[in-house]
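Readers should treat all values here as calculations from the given coordinates under stated rules, not as data from a laboratory. Keep in mind it's a predicted model, so treat the numbers as computed, not measured. In this analysis, Cβ positions are derived from the backbone assuming ideal geometry, glycine residues included, and neighbour counts consider all displayed protein chains.
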C-alpha cells in the first residue's frame, strides 16, 4: 500500500462548498503521480521522456463523505490487478482529521505509447513497482 | 433524452494533450446543469435559493476515445432510474466531429438539502422533469 | 468591440463562494478564443494547424466586483494596441444581471510559433481581425 | 522573504503544452496560503473560522518564461507595502531546475469580512506576520 496526502485547496470546492465530485479523480491521479515517483524521474519522466501514458479506461467511484476547505485527503493506493498491458488500482480517500472514509475508487488504466497511441506491454521496472503494491482484495 | 454541447477548452487538456480524464465528469455535470435549466431559475436557483443539491454517490465510467482541443463533446443525458430520494443518469459523450463515442457514464445522485445536509424526497417539479427523460435501458 | 458571454460554472467559485480571482484571466481567455473564432477554423486551428500561439507577457487586472454562481459574465474585448509581433487587449467583465463592472484587464500577448518557440510577425488575416476591433482608449 | 514550492501538475498545462497563464495567479495564491500557514490554524482557519478573506483588487503580472509538466515552481513571497486594510505582495516565480525567472507578480489584496463583505482593519497577528516579511523594493 502506498499513501499520499493532498490538502484541499482554496479553489477546489464548488458552489455547494464541498470539494467538487470530479476532483476526487484528480486527487487519485495526484496520488498515482506520487506512486510512480518511485521510478527514475518519476511520472514526468514517464510522460515526457518515455512517452508512456496511462489513460483510464474504466472507473467505479463511491463517494461516502464530503471534503471541505481545510481538510486534507489521505489517499491509500493499492494495486488490485496487473494485466499484460493494463492495471487496476483500488484507491481509498480518507478525511485525515477524523479518519472518515470519503471515497472508494477502482480505476483501470492501460499503458500506452503517447505518440504511437497504441497500448504497450507494461515495462519491467513499472511492473516491478506495481507488483510491490499488489494486494489481494479483502474478504 | 436531453442533449448538450461542450467545446473542449484550451486549458482542459493535460500533459498527454488529451482532455484530462477527470474532466469527463465535469462535462457530465455541465450537461446536468443544462438539463435542470428547464426548471424555473435553473440549477443556480436550485442551489442558491432552494438549497437543493445533488451530490453524487456512485458513478461508473468507461472512457472509450480521447477528446482533444478543437473537439466538441456532445453529451446525451438520459434518466435511467428514479428513486424516492435519488436518481441515476446514463450519460453518453460523443466527439461531435466524427460521432465517435468518447465515454459512457452512469451516475447516481442523491437529492440533499444543502444546509440540513440530509437527503430529501425529490420535489414534484424535479421529479416531473426526471420522468420526462426516463428511458428504459436498451436491450 | 467584441462581446462574449460566460456563465459562472458550479465548480468555479472558491471557499469564499465567489469566482476564484485567477479565473477572471480564464474568462478573458475564453473571450479571446471566441474573438478569434472569426478566423477560418477559429482558435483551435491557430493552435493545432498553424502552430500559432499567443502567450501573455503582461497583464494588469483590477477586480471591482465579485461574481457568484448563477451570474453570467459579459466580456467586452477591445484591441488597444497592435505591434509587429504583439497586441494589447483591453477587456471589461460585467456582471450581466445588474450590469456592474466586475473587472478590467489589460493583457499583452506575443504571437509565437509553438514549435520554434520564437515570436513571429502577426499574419495578415490575424492583423486584419485585430484592426477591425482597434479602439482608441477613451479619454 | 517566504518561499514555497509547487510542482506543476499533470492537468495544469494547456493545449500549447505550457502551464496555462492564469494558473500563475493560482500558484501565487497557493504560496500565500502557505505564507499564512504561520498563523494559528493557517489560511483555512482565517477563512472558515475568522471569516477573514483577502480578495485581490489589483495585480500586475509579467510572464517571463514558460513552465512545463515536470517543472517545479519556486515562489518567493515578499510583502512590498502594508496599509490599514490592504497589503501588496511582490511574488517571484522561478523554474526550480534551472533557476530561470518565470514570472513576477505584484498583487494587492484587501482584508475583508466574508459575511459582512466589507473591508476590515488588518488584525494584529496578521499585521505582525506581514511586517516580518516586509522588504523595501530593490533599487
request  = Distances from residue C:81 to the same position in the other copies: list them in nm, one decimal, shortest first, using label points 7 Å from Cα along Cα→Cβ.
outcome  = 2.1, 6.1, 6.2
query = Nearest 10 degrees, 0 to 90: what angle lies between the long axis of helix B:23-35 and the longest principal axis of chain B (Cα atoms)?
reply = 50 degrees
note = Taking the alpha-carbon centre of each part, the distance from the range B:22-56 to the range A:23-83 in Å is 27 Å
note = With a Förster distance of 41 angstrom and the Cβ-Cβ distance between residue D:131 and residue A:136, calculated FRET efficiency to the nearest 0.05 equals 0.10
message = Using only the alpha-carbon atoms of the range A:1-85 as identical scatterers, what base-10 log of I(q)/I(0) does the Debye formula give at q = 0.23 Å⁻¹?
response = -1.24
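Across peptide C:56-69, what mean number of C-beta atoms from other chains lies inside 10 Å of a residue's C-beta?
Average per residue, whole number: 5.
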Per-copy distances of the residue A:64 label point, shortest first, in nm (7 angstrom along Cα→Cβ) = 3.2, 4.8, 5.0
task = Work out the mean other chain Cβ neighbour count within 10 Å for the residues of D:43-49 and drop it here as an integer.
result = 4
ask   = Chain C: which residue's Cβ hugs the C-to-B rotation axis most tightly, distance rounded to whole Å?
value = C:9, 5
request  = Tell me the distances, shortest first, between residue A:119 and the same position across the other copies, using label points 7 Å along Cα→Cβ, in nm to one decimal.
outcome  = 3.6, 4.9, 6.0
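What is the average number of partner chain Cβ atoms found within 10 Å of a Cβ in D:18-29?
Other-chain Cβ atoms within 10 Å of each residue's Cβ, averaged: 6.
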note = Expressed as a whole-number percentage, the relative contact order of the range C:1-97 with C-alpha contacts under 8 angstrom and at least six residues apart is 38 percent
ask   = Whole-Å semi-axes of the protein assembly as shown's equivalent ellipsoid, largest first, each the root of 5 times a Cα gyration tensor eigenvalue?
value = 35, 28, 28
